[in-house]
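Enquirer: Dropping the structure in here first, questions after.
Bear in mind these aren't lab numbers, they're just calculated from the coordinates by the rules spelled out. Bear in mind the structure is a predicted one, so any value in this text is a computation, not a measurement. Backbone-built Cβ (ideal geometry, glycine too); neighbour counts: all protein chains shown.
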Amino acid sequence: MATRAAARIAAVAAGAAFANALPAVTCLRAVRRWTPRLAGRGDPGHVALTFDDGPDATGTALFLDVLDDLGCRATFFLLGDQLRRRPALARRMVAAGHEVAVHGWLHQNGLLARPGRVPAGIARTVRLIEDVCGVRPVWYRPPHGALSAEGLAGARACGLRPVLWTAWGKDWTGRATPATILATLRPDLAGGATLLLHDSDVTAAPGAWQATLDALPAIVRACRSGGLAVGPLRDHRIHPRLRRLPDTSMLGRNPVG
């Protein structure tokens with residue numbers, strides 16, 4: 001009897017784990033082709049430029065400088081724990097016209113997290129973005145692209161729209177160079193694309209962001225030479241614009257930093 005009960009419990013647990021993991025198949029390129037909105041497929045005359053894993057103590061400020069020189073805006077998917085450490089950088093992003101979005105609290109694969117941790121991290125990051133930046137984010141991208149059922153539910157509860165990418169630069173390795181990043185992106189560097197890059201090495205090879213930074217002007221030039229605008233997801237026509245909180249939202253709060 002005890003053996004049967006244990007088997008039933010194991011079967012239920014396995015079923016729950018499978019259901020939680022099922023949305024993660026969207027990280028596969030072949031599957032994303034069938035989910036264009038989740039992949040970030042947008043305006044055919046526009047390319048969405050996005051960065052993950054910041055704000056970074058060294059890299060992010062340099063990215064903001066280069067983007068300013070290029071006259072280009074982007075969407076930054078922030079980790080709550082990084083934002084907690086460097087709130088001034090996130091405020092600078094918003095002041096410069098960039099869009100901030102949610103990448104979770106820690107860079108942890110949602111399929112391996114204990115139950116409840118992913119949605120709690122999403123909600124905690126949303127609150128911190130509101131407190132620090134005075135804006136309400138509208139996008140959620142899971143670390144590693146591992147979209148779980150819990151992540152979907154947590155994003156929905158916070159009013160966030162999940163989005164992945166159509167092209168990435170594979171810029172997180174120590175072997176990445178500006179040339180390899182551009183070459184990796186180029187086959188999918190087309191109108192409607194959402195580009196995934198990194199302004200941080202928090203989960204990448206040390207200093208990996210430098211190759212991305214050096215590649216950035218060439219990436220933007222390649223898009224513009226093809227007659228494509230480059231900007232944040234809010235201009236990509238796959239979701240309403242980021243909603244700014246009223247000024248009163250900052251009253252009585254004590255943002256970190």
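Enquirer: Between Thr203 and Ala183, what length comes free when the chain is fully extended (0.36 nm per residue of separation minus the Cα-Cα distance, one decimal in nm)?
Expert: Going from the current span to full extension adds 5.0 nm.
Enquirer: In nm, what is the difference between 0.36 nm times the number of residues separating Ser225 and Ala157 and their Cα-Cα distance?
Expert: Extending this stretch completely gives an extra 20.4 nm.
Enquirer: Can you pull the one-decimal nm distance between simple spin-label points at Arg175 and Arg114, each 7 Å off the Cα toward Cβ?
Expert: Going from the Arg175 label point to the Arg114 one covers 3.7 nm.
Enquirer: In nanometres, what is the gap between the two model label sites at Asp65 and Arg85, each 7 Å from Cα along Cα-to-Cβ?
Expert: Each label point is offset 7 Å from its Cα along the Cβ direction, giving 2.1 nm.
Enquirer: With a 10 Å radius around each residue's Cβ, average the other Cβ atoms per peptide and rank 135-148, 169-182, highest first.
Expert: Highest to lowest by the protection proxy: 135-148, 169-182.
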